[in-house]
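Undergrad: Quick one: the structure is below, questions incoming.
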């Protein structure tokens, strides 16, 4: 995400019916995996927050009303996140 869009994004998230306490990562490395198997790495501002699956549609709808692509919301299950965490810290 373009860092200049951070403020409108946070404003959009504040409009949801449940509290969101986002974690913001500037210059996060994002890896895109393409269907042909190639990987593309880019840096971006990444906003991360926990939400129940039942709330994701509200998040997508709210973001869409602020001009963000609903598909920009990536959901990861807590179990997947727990299994991935050691790698993120560089432990394996």
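The values are calculated or read from the model by the stated rules, or taken from the named source; none is laboratory data. Source: prediction; values computed, not measured. All Cβ positions, even for glycine, are placed from backbone atoms using ideal geometry, and neighbour counts span all protein chains on display.
Undergrad: Looking at 25, 32 in this structure, which one is assigned to a strand (DSSP E or B) and at pLDDT below 90?
TA: On the way: 25 fails: at pLDDT below 90.
Sole residue among the options that is assigned to a strand (DSSP E or B) and at pLDDT below 90: 32.
This table checks each residue for (1) within 20 Å of residue 4 (Cβ to Cβ); (2) assigned to a strand (DSSP E or B); (3) at pLDDT below 90.
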residue	(1), (2), (3)
41	no, yes, no
57	no, no, no
61	no, no, no
74	no, no, yes
79	no, no, yes
83	no, no, yes
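Undergrad: Go through the range 63-72 and count every residue that is in a loop (DSSP other than H, G, I, E, B) and either within 24 Å of residue 31 (Cα to Cα) or at pLDDT below 90 (or both). First the steps, then the outcome.
TA: Going residue by residue through the range 63-72, those that are in a loop (DSSP other than H, G, I, E, B) are 66-69.
Those still in the list that are either within 24 Å of residue 31 (Cα to Cα) or at pLDDT below 90 (or both) too: 67-69.
Qualifying residue count, the range 63-72: 3.
Undergrad: Based on what the data block shows, is residue 20 closer than 22 Å to residue 60 by Cβ, in contact with a helix residue (DSSP H, G or I) (Cβ under 9 Å, 6 or more places away or on another chain) and part of a loop (DSSP other than H, G, I, E, B)?
TA: yes
Undergrad: Shifting gears a bit: Within the range 43-55, can you find the residues that are out of contact with any helix residue (DSSP H, G or I) (no Cβ under 7 Å at 6 or more places or on another chain), at pLDDT 90 or above and either surrounded by 14 or more Cβ atoms within 10 Å (Cβ to Cβ) or in a helix (DSSP H, G or I) (or both)?
TA: Selection gives 53, 54, 55.
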